[in-house]
Structure formats: structure tokens, C-alpha cells
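A.B. asks: My questions will all concern the structure given below.
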There are 2 protein chains.
Amino acid sequence: MVTSDEVARLAGVSRTTVSRVLSGSGRISEEVRQRVLEAAASLGYEPNVVAQSMVRQRSRTIALGLFHVEEGLSFSRLGETKHYFYLDVLKYIEEEAANAGYDLLQPSRPLGRTPESYVRALQTRQVAGAVMLALSSTDPRIPALIQAHIPTVFIDAVGQGPGATYVKGDHVSGARQVTEHLLALGHKRMAFFVGPSSNMFGMERLFGAQQALASAGRSLDPGLVRQSGWNMQQAYEAAAQLLSERRDFTAIIAGSDLMAIGILRALRERGLHVPGDVSLSGFDDLELASYIDPGLTTVRQDRVAMGRSAIQLLLRLIQGEQHLAPFVLPTQLIARQSTGPAPSV
Amino acid sequence: MVTSDEVARLAGVSRTTVSRVLSGSGRISEEVRQRVLEAAASLGYEPNVVAQSMVRQRSRTIALGLFHVEEGLSFSRLGETKHYFYLDVLKYIEEEAANAGYDLLQPSRPLGRTPESYVRALQTRQVAGAVMLALSSTDPRIPALIQAHIPTVFIDAVGQGPGATYVKGDHVSGARQVTEHLLALGHKRMAFFVGPSSNMFGMERLFGAQQALASAGRSLDPGLVRQSGWNMQQAYEAAAQLLSERRDFTAIIAGSDLMAIGILRALRERGLHVPGDVSLSGFDDLELASYIDPGLTTVRQDRVAMGRSAIQLLLRLIQGEQHLAPFVLPTQLIARQSTGPAPSV
DNA sequence: CTGAAAGCGCTTACAG
DNA sequence: CTGAAAGCGCTTACAG
């Protein structure tokens, strides 16, 4: 690797000057500037990023924390909704970080998996900040990161502090919209499939549904609220269970599109038609939602804004701004064929 | 941040000794060892990783190259098969890298997007090696990485050199198995949906299918081979096109599960039943494949082995081994309900 | 406008 | 077994 020393020698200047020319800081005579630039180009010089991080006491790096690393899903099957949904968010995180000249890093952590070890790993790597994607709301890294004053943006998890804020979808509104949609179609009794209890959004959505029901002078039947994992299999099982117990509902509101696909299978196996017998809605609007049969009514979240705004907020935190307000991104009902008029009794 | 100097002072030894105790290198008296360990623990000391990388001239970091960063899919929609499929592979890459104590890094590259700039980015970050996931076979970074002698393992892309090797699924065998399965069901004319021409696996699969057909004394009709993107939408469009042209086939072999879902929709819209009128198979065995209706016959690839073996090979390359043989992972037919006996004419 | 010197926090020959 | 010193490749006060 070429060093700044070689460039300096070739250009007949000091390393100080090379550094200044390349970083664009300080007054430099145009003639020297040209000489240095030419020398650097001819040698194919680029500054050693590690050395820069060392001297600056901070690397131009953003740590990326993902659900699936932490939750010990090592042997779980593919198909967690979150993965499919957040994959796209991830893409925009990468893009936006790259545009800002930041590397993305997933640190290894040999020393146990305590939240402290995670924070320590970020500190010893001198990361500028962290983006944490879809952590469980009980993840102990959330308070640890906030307390350590590492600039952090949480996506779909709630964490706030002087140097931390979050971005999330408006689940309350999303659930309200679906519920209103179903009420308008004449449905009076609906079942709700929410995610695991460690996830706050299930509760938010339930709240949104309750709002809509209350506005219509109705209330939620607790016996029709079911919890399951975000994936197809667990939703399938929970739906089979529900169907074996009772069938006094005409619609099911699923917590994710993949859950809806699992539920759809359980309905099919019982010979129930969607939406003829039961209306069904998802959440997320995966591309898949429009391809399955029947096309799935669902709630769209803005994945682009989610990824981009997370990095934009983080950059502001890195630059020292404090106490940034969280972003709550709008959600939108996408009505397709899986919801229809309530069957007349 | 605590430095080794503070630990040294507290323990009453030199930084040299602190370093040796913590790295476990060199003879150290038991008593001194204890003192240092206690001092480090009480101060919460961990070595600065950036400084270590600096002095070692190499960071304990693996660069991770992903399809979607390079291909400029910024505005594409969600649903590229690759993403869903490789997401799981990615998980095992992360796991295996973390076990070996390596960070994963996605470098930003502001200076144009030439293959040279990519290589340079890895070099200036002193990465130990790179894992490149599902690059297009024409990606110029493949030769660039090989030539730069950066230890690299390609996954589902072919690249070889003294310090580079690859891991891929056995697409030939997978396609042969599906084709044989369909032949056994009495199908005589089948259509093939392969991926983009820049992707070699489409060709491999075609070759596998040809092998099976040849063994049965049959040959491939070039007019029944269609190219499209790996996603639902493009496969849907290509299938609609094919169906508008001709219908003298009884089975469709899709290049991925998501393509199969797109094709399924096109068939449905024409009132064709699967497998009554047309048998349909996918590739990948996403969990989804068993949930859609009808359950999708497909080819399973071993994602766990794909991720894990890639890192294991890379670690050997990093340690200096050369010219490692590529891993070709077995594929396995998973027969479900979407394939059935050929309709009698 | 330019440079000599110090220093970022480690590790590693080299001595003893 | 232990330590003083050099050095990894930069950047940044401090001088001039």
C-alpha cells in the first residue's frame, strides 16, 4: 500500500501538506495542490482508513444491529416476516449510509453477549453511531446504548435519550384503517392475530383497532385476540387452534402478511373461503401480497422513508444534535380481494 | 475509554506486559498475570480494536459484498428472489464470522464505483478478506478481487485464484431432478423460465434439464425457454407472454420459487389449474413454498452449509492456504402438490 | 502557505 | 519473565 509519505516525497512536500490537500482543509497554493494531486493519482494513493480512524478517535462507521443476530434464531426456519420486510429497509440504510461516506459494521462479540459487551464492542471499534433494526422491546441493548451515549437510531423499537431517537411506522393508524375498512364492509366480530408479547406493536395495533371499534360503538372481544410469532407457521397453528374453538367471527386481522398466509392455509384446510366466509387482512404490504390468491388486503409502510430517515437522523446525532424527535411514518390501507362484505347470517 | 497505559499503571507493570497478558502470548509469571487481569477487569479495559488493526496492518474484519448494493436496484421493488433466499445464507455468514471473532463490514465508496475503487476501499480498511454474495457473473469486482489477491469467497458466483474460491449450489443436479420428476409423471413438453442471461445458473439448470431429457430420448424446445428477472413480476409477465403465444406444454419449470408464484398468477388469470392443466415447479424451497396453494414442488439448497462453509473457506484463505477447491452443495427435489400427472390429451 | 513534531493506542522485535 | 523503544499511517496544533 502506498503511504502519504511516498506521495509527499514524489510531490516534494511534507506529509502535512499531502494530508491537507486531500482532506481539503487549510489554504494551499494552487500549484502545490496540483503537484500533490498528481502525485497521489500517479501512485494510486488513498489514505489508510484505519490510520485515519486511529488519529481521529472515531471511525467513519455505523454499527448495524439486527434482530436475527441477537435473538438466537440460529436454528429457526426461514420466513420470519420481519426478515422479509426489513430486508428492503436495510437496502435503503445501506444506500443512505454509503452516500454519506459511512461504512456499515456488524461487530463480532466473543465475550459473552451482555449488553455491556455490545456497547464495549462499539466503543473499541470507535464507531460513530448505531442503527438498530427491529429489536425486541425488551432487548437490554436499548437502555445500554442510550446510557453509553452512543448516537443511536432505533427502527421499529422505542428508545430515546439525548443521543438516541427512533423511527417507526404508525401502527395505531394502520390498524385503525383496516378495522374501519372491515366495519364498513359490515363485519361485526373480528379476530386479531398480534405478534409476540415482547413486541410493542401488537399492542399499538390492538389499540388502533379498539379506537375504530369504539368509534363504531363496539368493543373488542379478548377471546378473539391471539398471539403468535410473526411467521407463517406459528400463525397457522394459532389459527387452527382458534378455528377449533370457535367460529363466531367474520374477519381476521393478521399482524403481518406472512402471518396472513399461514392463517389462509388454516382456513383453506377447514374448507373456509376468503373472503366469502372470512375476510382476512395482513400488514406490511410485501410484494407477495398482491400475488397470492386472493390478493391480500394489507397495510403499507414506507420502507424507503424508514431506512433513509433513520440514517439522516443518525447523522444529525453524530454531528452533536441532541434530543431529536422520533419519526412516525404514515401507514396506508391497501384494499385487495381478501376482504369483502360480511356474510349475511 | 480506558487505555492499556492505565491498566499498566494500576497493575504496576509496562504496557508491553499488559498486551502480552491479554493476548496470551509470551511467558508471564502467574502473579503478574493475575495482577494485570484484575486491573483490566476493575477498569473495564478492552483493547482498542482500531489501534490493534493499525499496528497489525490488518483488521479482523470481513468485507461483505451484496448483490443489491452493486446492481443499482435503488428503486426496484421488493421481492427479488435472491434477497429472500440469501437472507438466510447471510444469517449463517454472520454467525460463523462472529464465532471466529471477525466483524462484517460493508464499505462505502464515494469515489465512483469502479472495481478498482472497491478493491481500494477494502485495502485501505485493511480487511482480512471478503465474502461476495450472489454477484452477477459479469460483475467486474470478481476479477478485480482475484487479481488484488484479497482472500475472497464467492457465493453463487464463480471466481477462482490463488486466494479466491467459491461456494455454490448444484444447479445442474437440481434441474435434472425436477425434470426427471416431471418426465416420470408423463410430461413430454415442458417450458423453462430461467433467470437473466447475466446469471450463469440459468444456463446450468438448462443443462441439467437437457441431460434428463436426453436420457429419456427427448430434447429441449428452444421456444419454450424464457428469460426473465428472478422476481414475481417479471416472471408473471413472461408467463403471460408465453401463454398468449402457445400452450403446447404441460409443465413449467421456474427458476425460483418467487418466479413460480408470478407464473402461478398468470396461469390462474387464464383459468388454468395447477397441477390439473399445468404442473409447476420452483427453485430454492423458501418456507413460503409449502404455504401457497397448491404447495410448490421445488428444489432445496442447503443455505446453512452455504453460509457456514463460505466463512470456513475464507478463514483458511486468510490463514494463507491457497488454491482451495470450490464447494458445490447438493440440491434436493422437494415434491409437493403443484406437480402431478400430465393431462391425457 | 508550509513543515517539524507530537501523538492517537496498541504490538513487537530487541535487550536484559 | 519483563520493559524501553520503535513504529503502524495518519492528522493537527504550533511555529514560522
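A.B. asks: A:ALA130's amide H: which non-local residues (gap 5+, or another chain) put their own amide H closer than 5 Å, with H modeled 1.01 Å from N in plane and none for Pro or chain starts?
C.D. replies: A:ALA63, A:THR152, A:VAL153
A.B. asks: Please compute the contact order of chain A in relative form: average sequence separation of alpha-carbon pairs under 8 Å and at least six residues apart, divided by the residue count, as a percent. Write down the numbers at each step before the final one.
C.D. replies: Working: 628 pairs, mean separation 60.6, N = 345.
18 percent.
A.B. asks: DSSP loop (so not H, G, I, E, B), at most 11 other Cβ within 10 Å: list which trypsin sites (Lys or Arg not before Pro) in region B:15-53 pass both filters.
C.D. replies: On the way: sites: B:ARG15, B:ARG20, B:ARG27, B:ARG33, B:ARG35; in loops: B:ARG27.
Passing both the DSSP loop test and the Cβ count: B:ARG27.
A.B. asks: Specify which residue in the list A:LEU64, A:THR124, A:GLN106 is farthest towards the positive end of the charge dipole of the protein assembly as shown, using unit charges on the beta carbon of Lys, Arg (+1) and Asp, Glu (-1), about the Cα centre.
C.D. replies: A:THR124
A.B. asks: On the principal axes of its Cα set, how long, how wide and how thick is the protein assembly as shown? Give whole Å, largest value first.
C.D. replies: 82, 69, 59
A.B. asks: Give me the distance in nm between label points sitting 7 Å out from Cα along the Cα-to-Cβ direction at B:GLN160 and A:HIS149, one decimal.
C.D. replies: About 5.6 nm, to one decimal.
A.B. asks: If each label sits 7 angstrom from Cα along the C-beta direction, how far apart, in nm, is A:GLY276 from its counterparts in the other copies?
C.D. replies: Here the equivalent label points are 1.3 nm apart from this one.
A.B. asks: Can you tell me, using C-alpha contacts under 8 Å and at least 6 residues apart, the relative contact order of region B:268-310 as a whole percent? Display every interim value, and only then the final one.
C.D. replies: Numbers: 28 pairs, mean separation 13.5, N = 43.
31 percent.
A.B. asks: Something else about it: Once amide H atoms are placed 1.01 Å from N in the peptide plane, what residues at a sequence separation of 5 or more from A:GLY169, or on another chain, have their amide H within under 5 Å of its amide H?
C.D. replies: Here the answer is A:ASP156, A:LEU329, since their amide H atoms fall under 5 Å of that of A:GLY169.
A.B. asks: Based on Cβ point charges of +1 for Lys and Arg and -1 for Asp and Glu, what charge dipole magnitude is obtained for region A:148-208 about its Cα centre, in debye rounded to the nearest 20?
C.D. replies: On the way: 5 positive and 4 negative charges, 47 e Å.
So the dipole magnitude of region A:148-208 works out to roughly 220 debye.
A.B. asks: Return the sequence-ordered ³J(HN,Hα) values of region B:183-190 in whole Hz as given by the Karplus equation 6.51 cos²θ - 1.76 cosθ + 1.60 applied to θ = phi - 60°, using x for Gly and Pro.
C.D. replies: 4, 5, 7, x, 6, 10, 10, 10
A.B. asks: Against the longest principal axis of chain A, how steep is helix A:257-269, in degrees 0 to 90 to the nearest 10, with axes from Cα atoms?
C.D. replies: Tilt of helix A:257-269: around 30 degrees.
A.B. asks: Just tell me how shielded A:59-66 is by partners: mean number of partner chain Cβ atoms within 10 Å of each residue's Cβ, no decimals.
C.D. replies: Details: counts 4, 2, 7, 2, 1, 2, 0, 3.
Per residue, the number of nearby Cβ atoms from other chains is 3 on average.
A.B. asks: Using the beta-carbon distance between B:GLU31 and A:GLU321 and R0 = 51 Å, what value does 1/(1 + (r/R0)^6) give for FRET efficiency, to the nearest 0.05?
C.D. replies: On the way: r = 50 Å, r/R0 = 0.98.
In this case the efficiency is close to 0.55.
A.B. asks: Among residues other than A:ALA335 whose Cβ falls under 13 Å from its Cβ, what is the net charge (Lys/Arg +1, Asp/Glu -1)? If you can, show how the numbers build up before the last one.
C.D. replies: Working: positive: A:ARG300, A:ARG336; negative: A:GLU180, A:ASP285.
Result for the local shell: 0.
A.B. asks: Among A:SER53, A:LEU183, B:ALA260, whose Cα projects farthest towards the positive end of the dipole of the protein assembly as shown, with charges put on the beta-carbon of Lys, Arg (+1) and Asp, Glu (-1)?
C.D. replies: A:SER53
A.B. asks: May I ask you to report, in nm to one decimal and beginning with the shortest, the distances from A:GLU245 to the same position in the other copies, taking label points 7 Å along Cα-to-Cβ?
C.D. replies: 5.4
A.B. asks: Across chain B, where is the longest run that never hits GluC sites (Glu not before Pro) in a DSSP loop with at most 16 other C-beta atoms within 10 Å? List each step's numbers first, then the result.
C.D. replies: Values: sites that count: B:GLU71, B:GLU321.
In short, B:72-320.
A.B. asks: Would you mind checking which residues have amide H under 5 Å from A:ILE334's amide H? H placed 1.01 Å from N; only 5 or more apart, or other chain.
C.D. replies: Hits under the 5 Å cutoff: A:THR298, A:VAL299, A:ARG300.
A.B. asks: To the nearest 500 deg cm²/dmol, what mean residue ellipticity at 222 nm is calculated for chain B from DSSP H runs of n ≥ 4 alone, each contributing -39,500 (n - 2.57), summed and divided by the residues? Show your work: numbers first, answer last.
C.D. replies: On the way: 13 runs with 152 residues, N = 345.
One gets -13500 deg cm²/dmol as the mean residue ellipticity at 222 nm.
A.B. asks: Moving to a separate point now. Starting at the first residue of region A:311-326, write each ³J(HN,Hα) from the Karplus equation 6.51 cos²θ - 1.76 cosθ + 1.60 with θ = phi - 60°, in whole Hz, x for Gly and Pro.
C.D. replies: Along region A:311-326, the couplings run 5, 4, 5, 4, 4, 5, 5, 4, 6, x, 5, 10, 6, 7, 5, x Hz.
A.B. asks: Could I ask something else about it? Which one, B:LEU87, A:PRO343, B:THR331, projects farthest toward the positive side of the charge dipole computed for the protein assembly as shown from Cβ point charges (K/R +1, D/E -1)?
C.D. replies: The residue sitting farthest along the positive end of the dipole is B:LEU87.
A.B. asks: To one decimal place, what orientation-averaged projected area in nm² is obtained for the convex hull of the Cα set of region B:4-47?
C.D. replies: Values: hull surface 10.0 nm².
Mean projected area of the Cα convex hull: 2.5 nm².
A.B. asks: What ³J(HN,Hα) values, in whole Hz, does the Karplus curve 6.51 cos²θ - 1.76 cosθ + 1.60 give for region B:140-149 when θ = phi - 60°, with x put for Gly and Pro?
C.D. replies: x, 5, 4, x, 5, 5, 5, 5, 7, 6
A.B. asks: Only Cα pairs under 8 Å and at least 6 apart count here; give the relative contact order of region A:212-345 as a rounded whole percent. Could the numbers behind the result be given before it?
C.D. replies: Working: 185 pairs, mean separation 31.9, N = 134.
Dividing the mean separation by the residue count of region A:212-345 yields 24 percent.
A.B. asks: If you don't mind, another one. How far is helix B:200-215 tilted off the main Cα axis of chain B, in degrees rounded to 10, range 0 to 90?
C.D. replies: Around 50 degrees separate the two axes.
A.B. asks: Let me make sure I get this right: for region B:171-301, a, b and c are the square roots of the gyration tensor eigenvalues over alpha carbons, sorted descending. Under 1.5 in a/c it's rounded, otherwise prolate if a/b > b/c, else oblate. Which is it?
C.D. replies: Working: a/c = 1.26, a/b = 1.17, b/c = 1.07.
Because its axes are fairly even, with a/c under 1.5, region B:171-301 counts as rounded.
A.B. asks: So if I place +1 on the C-beta of Lys and Arg and -1 on the C-beta of Asp and Glu, and nothing else carries charge, what would the dipole magnitude of chain B be about its Cα centre? I want it in debye, nearest 20.
C.D. replies: Values: 34 positive and 33 negative charges, 98 e Å.
Around 480 debye, computed over chain B.
A.B. asks: Continuing with this model, one more query. Quick check for me: using +1 on Lys/Arg Cβ and -1 on Asp/Glu Cβ, what's the dipole size of the protein assembly as shown about its Cα centre, in debye to the nearest 20? It would help to have the intermediate numbers written out before the result.
C.D. replies: Values: 68 positive and 66 negative charges, 144 e Å.
Using Cβ point charges on Lys, Arg, Asp and Glu, the protein assembly as shown gives about 700 debye.
A.B. asks: In terms of the Cα gyration tensor, with a ≥ b ≥ c the square roots of its eigenvalues, is region B:231-283 rounded because a/c is under 1.5, prolate because a/b exceeds b/c, or oblate? If you can, show how the numbers build up before the last one.
C.D. replies: On the way: a/c = 1.57, a/b = 1.21, b/c = 1.30.
Note, shape of region B:231-283 comes out oblate.
A.B. asks: Need one value for B:291-303: mean number of C-beta atoms belonging to other chains within 10 Å of its residues' C-beta atoms.
C.D. replies: Values: counts 12, 7, 7, 0, 1, 0, 0, 0, 0, 0, 0, 0, 1.
Rounded to a whole number, the mean comes out at 2.
A.B. asks: Now for a separate question. Under the convention of a label 7 Å out along Cα→Cβ, give the distances in nm from A:PRO196 to the same position in every other copy, shortest first.
C.D. replies: A:PRO196 label point versus its equivalents elsewhere: 3.6 nm.
All of the numbers you see were taken from the coordinates with simple rules; none came from a lab. All of these numbers come straight from a predicted model, not from anything done at the bench. All Cβ positions, even for glycine, are placed from backbone atoms using ideal geometry, and neighbour counts span all protein chains on display.
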